[in-house]
Amino acid sequence: MKQSYKKYKPFTPQPLPDRTWPDKALTKAPIWCSVDLRDGNQALVNPMNLEQKLEFFQMLCKIGFKEIEVGFPAASETEYEILRALIDQGLIPDDVSVQVLVQAREHLIRKTFEAIRGAKNVIIHFYNSTSELQRRVVFDTDMAGVTEIAVEGARLIRRLTQELMAKEPVNVRYEYSPESFSGTEMDNAAMICDRVLEELGATPENPAIINLPNTVELCTPNTYADQVEYCCRKMKRRDCAIISLHAHNDRGTGTAATELGLMAGAQRVEGTLFGNGERTGNADIMNVAMNLYAQGVDPALDFSNMKHIRKVYEECTQMQVHPRHPYAGELVFTAFSGSHQDAISKGVNYMAKHSSPYWEVPYLAIDPADLGRQYEPIIRINSQSGKGGAAFVMRQNFGYVLPKAMHPEFGAKVKEECDRLGREISAGEVFAIFRREYLDVKEPYHLMAYKIFEEDGGQGQVVVDFEGTLRFDNHAQFISGKGNGPLDAFFNALRTVGLTEYEFISYSEHAVSGGADSKAVSYIQLRYGGEVIFGVGMDNNISVASIKGILCAINRQQA
C-alpha cells in the first residue's frame, strides 16, 4: 500500500468560515424515521420475509417511531406485499406515517400511488442522484438534466396526490432527497431543493421534507455539518422545508455526522437500529437517541427493553449485535480491568450513600437498569481483574459486603483461580471460592457446643461467660472464659488450650438476607505474629457468627 494511496483525491470541503454549528448544543430530540424495513432490509444477505417484517414494524411502533419507511413498493412484489399487508390488516397506528421510497421516474411513481391506496398517513419519498460523479459517470448528463428529472417527478407526485385525495381521505406528505448530496456542489444542491419545494407547493404551514443524504460518507463529520449549514443558508425556501439527515457509515463516523448535522440545523434523522444498512451501514438511530438520553435529553424513543429489541433484530435480520456495540452490546457495561472495577464499585457505593439525583458512576455513562440490564454482569472476573472486582461481585450478586481490608486477601484467591483455569470465572465460581476459603473451613478447631450467659460482676458491671466444647487433635475439650463481651470471653477461653498468640484487630458484620430467615455474617481480622488473616462466620446470632469467624481465621492460619 506504500504508493497506492496516491490514487485517491482528498475531499474538497465547502468553505464556511462563519459557521455557527460548533457553538450549538442538542437540547431536544429530532423527528425520527426508521428505514430498517427498506434501507436496512436491502442490505441483508437473506431479506426479511413478510412475517419478520410485520414483527419488526410492530416493534418499531412500540419503541416510539412515528415515521417508518416500509419499502420500495414499485421495485418488487415483496416490497409491495408488506405495504399492502400493513394497510389491509389495519396494523398501522393512526399516529404513524408509513414512508415509501421511489425514484423520480413516472412509471415507478404511478405504481407507488397504487400501493398506498387505503393508507391514512403516507410520506412519498422520491429521489434522484445529483452528485458530480454520478452525473458524469452514471447518467452522462449535467445539473440541468438531473434538475429536470426532480422537477418532473415532483410535478407528477403533486398531481397524483390531488387525484388520490379526491377519492379517499388520506394525509400525504412529501420528501425529496438529492441522493449523493455530500458529493454535490452545495449551490447546486440548494438550487435543486428550492425547485422541488416550489413544484410541490410547499409552504411554511405545510412544509415538505428535504433529506440531505450522506449517501457515501466522503468526508469528516464536521465537513458534512458545514455542507448542511451552507445548504440551509442558501435555500431560498428554507422555511418551507423540514431538513432531514440520512447518514451512511463508510468512514465509521455516521453517528458523529448525524449529531453534527443536527447542530448545523437539521430537524429530522433517518437511520436504522444498530446501524444496519448497505456497505458499512446507516447511522444508528439507537446510538444517536441514547447519546441524547445520556445528556439528560428525552430522546422520544423507548429503549428500556434493549434485550428484547436486540433479540427481535437478530432473529428477523439474522445479523448479530456486536458485543461492544454502544449501549446494546453484551459487554458494553462490563469491566474486567481492576482499576475500572474499583472505580465502578466505589461509584455504586457513593450513589447508595448520598442518594444523588444524578447518575455518577465512573466508566458507566448511563445506568444499565435504564435499558433493562442487570447489575450482575457489570463486573466480570478474569486474571486482569483487581481486588475490588471480586468484592463487588460478592456484594451485588450475593449480598456479602466484604470489608475493604479484606479485598486484597480475597482478590488474590480469586486471581489465583483465574490464572489456574486460564479463563474468566463466573459469579457462582467466585462464591464457590469464598465458600471454600471461609465458610466451609471447619478444621483443625471446631466448636461442637457452646453456651453464652451473663453474670453480675459487681459494682454494676456485667461479665459475659463462655462455656463450650472445642474439638481439635481428634479429641474434644471443655473450654471456658470470662470477658466484657462474647468475643473477649471466647478469646480468653481459647487461651486455656494454648491459643495465646492471636491478636484481635477488627470485625464488621451485616445481615445477608431479609425477613425471618435473615442471617448475620461476621468478618474477623486477626494478627498472628507478622501475619494478618481474615475469617468469616455466619449464624442467626451475631455473637455466634463472630465466634465462628474467629475460629475460621485461626483455622485458615494453621492450614
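Could you please find all residues in segment 49-61 being surrounded by fewer than 20 Cβ atoms within 10 Å (Cβ to Cβ) and farther than 16 Å from Y80 by Cα? Those that are surrounded by fewer than 20 Cβ atoms within 10 Å (Cβ to Cβ) and farther than 16 Å from Y80 by Cα: E55, Q58, C61.
Conditions (1) among the acidic types (D, E); (2) surrounded by 18 or more Cβ atoms within 10 Å (Cβ to Cβ), marked per residue:
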position	(1), (2)
S480	no, no
P486	no, yes
L494	no, yes
G530	no, no
D539	yes, no
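Somewhere in segment 548-558, is a residue surrounded by 13 or more Cβ atoms within 10 Å (Cβ to Cβ), under 56 Å from the mean Cα position of the chain (by Cα) and closer than 20 Å to R395 by Cβ? Within segment 548-558, one or more residues are surrounded by 13 or more Cβ atoms within 10 Å (Cβ to Cβ), under 56 Å from the mean Cα position of the chain (by Cα) and closer than 20 Å to R395 by Cβ. Taking first residues from segment 73-90 that are under 10 Å from I116 (Cβ atoms) and partners that are polar (S, T, N, Q) and in a helix (DSSP H, G or I), the Cβ contacts under 9 Å between residues at least 6 apart in sequence or on separate chains come to P73/T112. Determine, yes or no, whether S345 is crowded, with 19+ Cβ neighbours inside 10 Å and among the polar types (S, T, N, Q). Against the criterion (crowded, with 19+ Cβ neighbours inside 10 Å and among the polar types (S, T, N, Q)), S345 qualifies. Is there a residue being crowded, with 17+ Cβ neighbours inside 10 Å, of a type in the set (S, T, N, Q) and at pLDDT 95 or above anywhere in segment 36-48? No, segment 36-48 has no match at all. Only residues that are at pLDDT 90 or above, assigned to a loop (DSSP other than H, G, I, E, B) and within 18 Å of G388 (Cβ to Cβ): list them for segment 334-362, please. Once the filter is applied, which keeps residues that are at pLDDT 90 or above, assigned to a loop (DSSP other than H, G, I, E, B) and within 18 Å of G388 (Cβ to Cβ), segment 334-362 yields E360, P362. In segment 199-209, which residue that is closer than 16 Å to I124 by Cα and of a type outside the set (A, V, I, L, M) is surrounded by the fewest Cβ atoms within 10 Å (Cβ to Cβ)? Looking at the filtered set, the residue picked out is N206. Consider D440 carefully, then state whether it is surrounded by fewer than 13 Cβ atoms within 10 Å (Cβ to Cβ) and modelled with pLDDT of 90 or more. Yes: the conditions hold for D440. Within segment 348-363, residues that are in contact (Cβ under 8 Å) with a residue 12 or more places away in the chain reach partners that are of a type in the set (G, A, S) and in a helix (DSSP H, G or I) with beta carbons closer than 7 Å, at six or more positions or on different chains, in the pairs E360/G347; V361/G347; P362/A343; P362/G347; Y363/A343. Among the residues of segment 483-508, the ones that are within 19 Å of I452 (Cα to Cα) and either within 50 Å of the chain's Cα centre (by Cα) or not assigned by TED's automatic domain parsing to the domain that holds V536 (or both) come to 1 in all.
In segment 210-240, which residue that is buried (at least 24 other Cβ atoms within 10 Å of the Cβ) and among the aliphatic types (A, V, I, L, M) is nearest to N276 (Cα to Cα)? My answer is L212. Screening T141 against (1) closer than 30 Å to T12 by Cβ; (2) among the polar types (S, T, N, Q); (3) within 41 Å of the chain's Cα centre (by Cα); (4) surrounded by fewer than 16 Cβ atoms within 10 Å (Cβ to Cβ) leaves a single unmet condition, (3). Among the residues making up segment 84-106, those that are more than 24 Å from P213 (Cα to Cα) and either surrounded by 16 or more Cβ atoms within 10 Å (Cβ to Cβ) or not polar (S, T, N, Q) (or both) are R84, A85, L86, I87, D88, G90, L91, I92, P93, D94, D95. Would segment 7-22 turn up any residue that is of a type in the set (A, V, I, L, M), part of a loop (DSSP other than H, G, I, E, B) and not assigned by TED's automatic domain parsing to the domain that holds M290? Among the residues of segment 7-22, at least one is of a type in the set (A, V, I, L, M), part of a loop (DSSP other than H, G, I, E, B) and not assigned by TED's automatic domain parsing to the domain that holds M290, which makes the answer yes. Scanning segment 197-225 for residues that are part of a helix (DSSP H, G or I) and either at pLDDT below 95 or of a type in the set (D, E, K, R) (or both) turns up E198, E199. Against the conditions (1) closer than 20 Å to R19 by Cα; (2) in contact (Cβ under 8 Å) with a residue 60 or more places away in the chain, A257 satisfies every one except (2).
Selection over segment 107-156 of residues that are outside any helix (DSSP H, G or I) and either of a type in the set (K, R) or in contact (Cβ under 8 Å) with a residue 24 or more places away in the chain (or both) gives a count of 16. Criterion first (outside any helix (DSSP H, G or I), under 13 Å from A43 (Cβ atoms) and not hydrophobic (A, V, I, L, M, F, W, C)) does E278 satisfy it? Considered against the rule, which asks whether it is outside any helix (DSSP H, G or I), under 13 Å from A43 (Cβ atoms) and not hydrophobic (A, V, I, L, M, F, W, C), E278 comes out as yes. Among what's in segment 436-453 and is touching a Lys or Arg at 6+ places or on another chain (Cβ under 8 Å) and not in a loop (DSSP other than H, G, I, E, B), pick the residue that is farthest from A493 (Cα to Cα). Per the stated criteria, the residue is E437. Counting only helices (runs of 4 or more DSSP H) wholly contained in segment 371-435, the ones carrying 1 or more residues that are of a type in the set (D, E) and either in contact with a helix residue (DSSP H, G or I) (Cβ under 9 Å, 6 or more places away or on another chain) or assigned by TED's automatic domain parsing to the domain that holds V536 (or both) occupy 407-421, 427-434. Flag: D194 matches the condition of being modelled with pLDDT of 95 or more, among the charged types (D, E, K, R), in contact with a Lys or Arg (Cβ under 6 Å, 6 or more places away or on another chain) and not in a loop (DSSP other than H, G, I, E, B). Checked against (1) without any contact (Cβ under 8 Å) to a residue 24 or more places away in the chain; (2) among the acidic types (D, E); (3) over 24 Å from M306 (Cα atoms), D419 meets all criteria but (1).
The values are calculated or read from the model by the stated rules, or taken from the named source; none is laboratory data. This is a predicted model, so every value here is computed, not measured. So basically every Cβ, Gly included, is an ideal-geometry build from the backbone, and we count neighbours across all protein chains shown.
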